[in-house]
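So the structure is just underneath, and the comments pick up after that.
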Amino acid sequence: MPDLSLTRIPAPLLGQPERVGLAVLGSVIIAHVGTSSSADLFEAGWQARLDQQRRNGPGRRPRWRTGWDHANTYLAGLIAAQQPTEWAESA
């Protein structure tokens, strides 16, 4: 599996100078967040999903769960793309 760690790409908007894009594989932006603390939580949730941790646990914050959900969706797409075509058609 490729390295799915996130990279922060500056993506400021008028009134949101701290806004960043979170990219996987170096350039595919999967999410935008408004602050560096939101980016930290998103990245922690993303990494937790890659490490196969559970989504619902005590103290999980919404941005953390958003990161986990994005990673889960991204991984499902990668797995589906790797399945042989005839296997996907029979399902």
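The values are calculated or read from the model by the stated rules, or taken from the named source; none is laboratory data. From a predicted model like this one, the values you see are computed outputs, not experimental measurements. Every residue, glycine among them, receives a Cβ derived from its backbone with ideal geometry; neighbour counts consider all protein chains shown. Heavy atoms of the whole protein, side chains included, go into the accessibility calculation; ligands, DNA and RNA do not. Shrake-Rupley method; radii C 1.70, N 1.55, O 1.52, S 1.80 Å.
Could we say that Ala39 is surrounded by 12 or more Cβ atoms within 10 Å (Cβ to Cβ), of a type outside the set (Lys, Arg), more than 9 Å from the chain's Cα centre (by Cα) and farther than 19 Å from Gly77 by Cβ here? Break it down stepwise before answering.
Values: surrounded by 12 or more Cβ atoms within 10 Å (Cβ to Cβ): yes; of a type outside the set (Lys, Arg): yes; more than 9 Å from the chain's Cα centre (by Cα): yes; farther than 19 Å from Gly77 by Cβ: yes.
Judged against the criteria, Ala39 is a match.
So, in region 33-66, of the ones that are touching a strand residue (DSSP E or B) at 6+ places or on another chain (Cβ under 8 Å) and small (Gly, Ala, Ser), which residue ends up modelled with the lowest pLDDT? Here the answer is Ser36.
Name the single residue, out of those in region 51-68 being open to solvent by less than 60 Å² (accessible area, probe 1.4 Å) and closer than 14 Å to His32 by Cα, that is nearest to the chain's Cα centre (by Cα). Please lay out each step first, then the result.
Of all residues in region 51-68, those open to solvent by less than 60 Å² (accessible area, probe 1.4 Å) come to 57, 64, 66-68.
Checking the rest, the ones that are also closer than 14 Å to His32 by Cα come to 64, 66-67.
Values: Trp64: 10, Thr66: 8, Gly67: 5 Å.
Checking each candidate, the answer is Gly67.
Pairing residues of region 7-18 that are surrounded by 13 or more Cβ atoms within 10 Å (Cβ to Cβ) with residues that are of a type in the set (Lys, Arg), at Cβ distances under 9 Å and at least 6 apart in sequence or on separate chains, gives Ala11/Arg19.
The single condition among (1) open to solvent by less than 90 Å² (accessible area, probe 1.4 Å); (2) of a type outside the set (S, T, N, Q); (3) without any contact (Cβ under 8 Å) to a residue 24 or more places away in the chain that Gly45 does not meet is (3). The residues of region 13-29 that are more than 15 Å from Ala71 (Cα to Cα) and among the aliphatic types (A, V, I, L, M), listed by number, are Leu13, Leu14, Val20.
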